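The values are calculated or read from the model by the stated rules, or taken from the named source; none is laboratory data. The shown structure was predicted, so the numbers you read here are calculated from the model rather than taken from an experiment. All Cβ positions, glycine included, derive from the backbone under ideal geometry; neighbour counts span all protein chains shown. SASA here: full protein model, heavy atoms, side chains in, ligands and nucleic acids out. Shrake-Rupley method; radii C 1.70, N 1.55, O 1.52, S 1.80 Å.
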Number of protein chains: 2
Amino acid sequence: MENFNFYSPTFFAFGKGREADCGTLVRRFGGSKVLIHYGGGSVVRSGLLDRVKESLNEAQLPFVELGGVQPNPRSGLVYEGIDLCKKEKVDFILAVGGGSTIDSSKAIAAGVVYEGDFWDFYQGKWIEEALPVGTVLTIAAAGSEGSPDSVITNEDGMIKRGASGDAIRPKFSVLNPELTETLPAYQTACGITDIIAHLYERYLTNTKDVEVTDRLIESLILTMKTEAPKVMNNLEDYEARANIMWAGMVAHNNIVGVGRSQDWTSHQIEHELSALYDCAHGAGLAVTMPAVFIYNLKHDVMRFAQIAVRVWGCQMDFANPENTAREGIKALQDFLISIGMPKNFEELGAKEEDIEQLAYTCCYGKGNEGGTIGGFVPLIQKDVEAIYRLML
Amino acid sequence: MENFNFYSPTFFAFGKGREADCGTLVRRFGGSKVLIHYGGGSVVRSGLLDRVKESLNEAQLPFVELGGVQPNPRSGLVYEGIDLCKKEKVDFILAVGGGSTIDSSKAIAAGVVYEGDFWDFYQGKWIEEALPVGTVLTIAAAGSEGSPDSVITNEDGMIKRGASGDAIRPKFSVLNPELTETLPAYQTACGITDIIAHLYERYLTNTKDVEVTDRLIESLILTMKTEAPKVMNNLEDYEARANIMWAGMVAHNNIVGVGRSQDWTSHQIEHELSALYDCAHGAGLAVTMPAVFIYNLKHDVMRFAQIAVRVWGCQMDFANPENTAREGIKALQDFLISIGMPKNFEELGAKEEDIEQLAYTCCYGKGNEGGTIGGFVPLIQKDVEAIYRLML
């Protein structure tokens, strides 16, 4: 196991009705004037936004609002939020929504206290300081409610990039599974896929002797395997929603990913797809993961065989472990298809003729002169092209 | 799943040589004058104490020292520590040692800022305020490095009781697995047993639909099952020590125990044994757990069968699940014996003639007028007596 730091100081208020605690929590974590940041109409229609405002009112906390966050959140709205916060002297950002809204809030929080362009952080600068952020989560997916990360798409070139720093870890996150019950089947499945991807990205490691994190990751994928069919069968299954929601947080606050190298190839390759075609991140991952895993299979057959046996219930082929490894990847893909995810470029709305450009942007688009991606297997442009072709 | 709060703001510095960061970490978390609290000679002999002092010196942090913590830490030393901190105007407690030292440090931290007798907290008063505590852990066992709990034995009657409060969660914990390599086999096995007990106490629940925490708990017991034999075979196996050390923290900071009722019967019954006979807590748990589980088996046969199959590799007896459930408890006991733990009263040094008194103190000793213990199955004195008799 490698040396590591782990720090996850977010306060989680989990369960039915917990959005009523927003005001108290903002006060507890030092806020006195709040920006409520949110996305589209569902938060308004469901009455959630009103309940959040009521809670802030009860705590006598003044607030301003900024809606309009879209999936794959854009830099334009971040600039708008930064200006609004400065003008209104906001000292606390409350995100009400899913990963996109939380990521947009984190970007605003970092940008308000920074003299330069907030996009610097998305080009590799570590976030040292930010306004405090709280969240009321409405989608179990991105894990942004407990993570130090944010992903934003720059409209100047539609480039999707991530930034990180402990300063943008939420001070608190309200996780009420009821709020996710109105989420349609497709978005629910996209969220489930994203959670599974966060687990695979950590599972695919070159670090030896990491049984504790291997086992923890496996336990969370096993949870998704059990709970996802329940929720797809009944979108209002509170208990299944609750299990998935906690799994989504634990999957991504990194308590199960410490002390080991991680991969993130699937995310890097997928980000190009959702940036260019504006498809759902989870849907993109469903198509990307099996292709990446098949391409990287021979790098560590036994690792893929291990997850096949321990998670997907495959029988170990001791004479030919590669068969088991492949069977596990097939089982993952079948599972994702069973919950309604796409399986190839066509179903995703991606185009074969863009592959060269996608692979180029993936490998060189972030000023990465080396042109190499991937923590598990180093991949160059021609590898990434081959992976995109496996998705056809 | 039940509603819950989860808050684990401890900064974990994990890996080789991390005790060198002590000074920086005390500064980061606001300390300016430190009490170094420790136990016996091993911390001195190994040179650890010197390295800690060197780190504080480098950070220009003045400190005073208080050694002498013993296993099952005593109230007398806590009073001494409180007086010393007040006299020396200490504002940060640094525990260098195992769970006993950390628990003693937490008690001092709470006592210094409290006008009454610190023992009030161990009679049920919630700890709202305390000096900040940091830890340098030398034994993977109690999980106190990431928990809001402390257990102290009052020398007035040898009564062992716990106290809790987020205020005593360590600000930081240094987890260097190398520091545990000098721990003898018996204490190592006691620590492993304590970690497994923390997991069973959470596993035995009456809350339905808790797949995510069930799976997480199982994954940690599976880790202990794999890593414990490695470390018993080679006490200097860094990698096995590292896996056990992280598992010990995750097992007890409650991330795997949220949203479900918990048991803690084995701990309550064991505390009487280690208080009266001064035996190691882990050794007491090794004898207590199988007896408690056999006694409570019929309350939820399928829960015991589930852990038997998922963790201990038993084949499910579909015609008679109770067979599987019993097989799993037997497998746990065999495992504990295999790492050198005692199996009955005699090996523990406990006496049959004390049983009535032990059961009485267990059920009534904390001013519990109802006389009932146990979160999984409510037990009264005659049940507890019967459980002690199963340990003969």
Worksheet item: For B:ILE380 and B:LYS33, FRET efficiency with R0 = 51 Å and r from the beta-carbon atoms, rounded to 0.05?
Response: 0.55
Fill in: FRET efficiency, 1/(1 + (r/R0)^6) with R0 45 Å, evaluated for B:ASP156 and B:LEU390 via beta carbons
0.90
Discussion item. If you fit an axis through the alpha-carbon atoms of helix A:381-390 and take the longest principal axis of the Cα set of chain A, what angle between them do you get, 0 to 90°, nearest 10?
Written reply: 80 degrees
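Residues of B:6-17, mean number of Cβ from any other protein chain within 10 Å of their own Cβ, rounded to a whole number?
Mean shielding count: 6.
Counting only protein heavy atoms and rolling a 1.4 Å probe, how much accessible area do A and B lose on contact, total for both sides, in Å² to 100?
3600 Å²
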Discussion item. Defining a contact as two alpha carbons under 8 Å apart and six or more residues distant in sequence, what relative contact order in percent does the stretch B:1-98 show?
Written reply: 39 percent
Worksheet entry | Label point distance in nm, B:GLU58-B:ASP278, each placed 7 Å from Cα along Cα→Cβ | 3.9 nm
Worksheet item: Taking amide H positions as placed 1.01 Å from N in the peptide plane, with prolines and chain starts having none, which residues 5 or more places from B:THR135, or on another chain, fall under 5 Å of its amide H?
Response: B:ALA95, B:PHE172, B:SER173, B:VAL174
Response to the item:
For chain A, the per residue accessible area (1.4 Å probe, Å²) is 36 Å²
Item to complete: Have a look at B:ALA240, B:PHE6, A:MET302 and report the one farthest towards the positive end of the charge dipole of the protein assembly as shown, computed about the Cα centre with Cβ charges (Lys/Arg +1, Asp/Glu -1).
Response: B:PHE6
Discussion item. If you roll a 1.4 angstrom probe over the protein chains with everything in place, what fraction of the accessible area of the protein assembly as shown belongs to carbon and sulfur, to the nearest %?
Written reply: 48 percent
Worksheet item: How do B:TYR203, A:TYR79 stack up against each other in accessible area, from largest to smallest, with a 1.4 angstrom probe?
Response: A:TYR79, B:TYR203
Worksheet entry | Pairwise label distance in nanometres, A:ALA185 with A:ALA319, each label 7 Å out on the Cα-Cβ vector | 4.1 nm
Practice prompt. Could you work out how far helix A:185-203 tilts from the main Cα principal axis of chain A, as a 0 to 90 degree angle to the nearest 10?
Written response: 70 degrees
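If I take every Cα pair under 8 Å that is 6 or more residues apart in the stretch A:35-180, average their sequence separation and divide by the length, what percent do I get for the relative contact order? The partial results should precede the final answer.
Details: 298 pairs, mean separation 35.4, N = 146.
Worked out over the stretch A:35-180, it gives 24 percent.
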Worksheet item: Within 10 Å of each Cβ of B:204-215, how many other protein chain Cβ atoms are there on average?
Response: 6
Response to the item:
From most to least accessible, 1.4 Å probe, no ligand or DNA/RNA atoms counted, A:HIS37, A:HIS281 line up as A:HIS281, A:HIS37
Discussion item. At R0 = 22 Å, how high is the FRET efficiency between B:ASN233 and B:LYS16 if r is their beta carbon distance? Nearest 0.05 is fine.
Written reply: 0.55
Worksheet item: Does anyone have the angle between helix A:265-277 and the longest principal axis of chain A? Alpha-carbon axes, 0 to 90°, nearest 10?
Response: 60 degrees
Practice prompt. Return the calculated 222 nm mean residue ellipticity for the protein assembly as shown, to the nearest 500 deg cm²/dmol, obtained by summing -39500 (n - 2.57) across DSSP H runs with n ≥ 4 and dividing by the residue count.
Written response: -15000 deg cm²/dmol
Worksheet item: Taking a probe of 1.4 angstrom, what is the accessible area of B:THR372 in Å², to the nearest 10?
Response: 60 Å²
Response to the item:
From highest to lowest solvent-accessible area (probe 1.4 Å; ligands, DNA and RNA excluded), A:LEU84, B:LEU66 read A:LEU84, B:LEU66
Worksheet entry | Dipole in debye (nearest 20) - the protein assembly as shown, about Cα centre, beta carbon charges: Lys, Arg +1; Asp, Glu -1 | 280 debye
Discussion item. Test of the criteria: in the stretch A:113-185, which GluC sites (Glu not before Pro) are in a DSSP loop and have at most 13 other Cβ atoms within 10 angstrom of their Cβ?
Written reply: A:GLU115, A:GLU128, A:GLU129, A:GLU155
Worksheet item: Given the C-alpha centroids of the stretch B:1-60 and the stretch B:232-298, what is the distance between them in whole angstrom?
Response: 24 Å
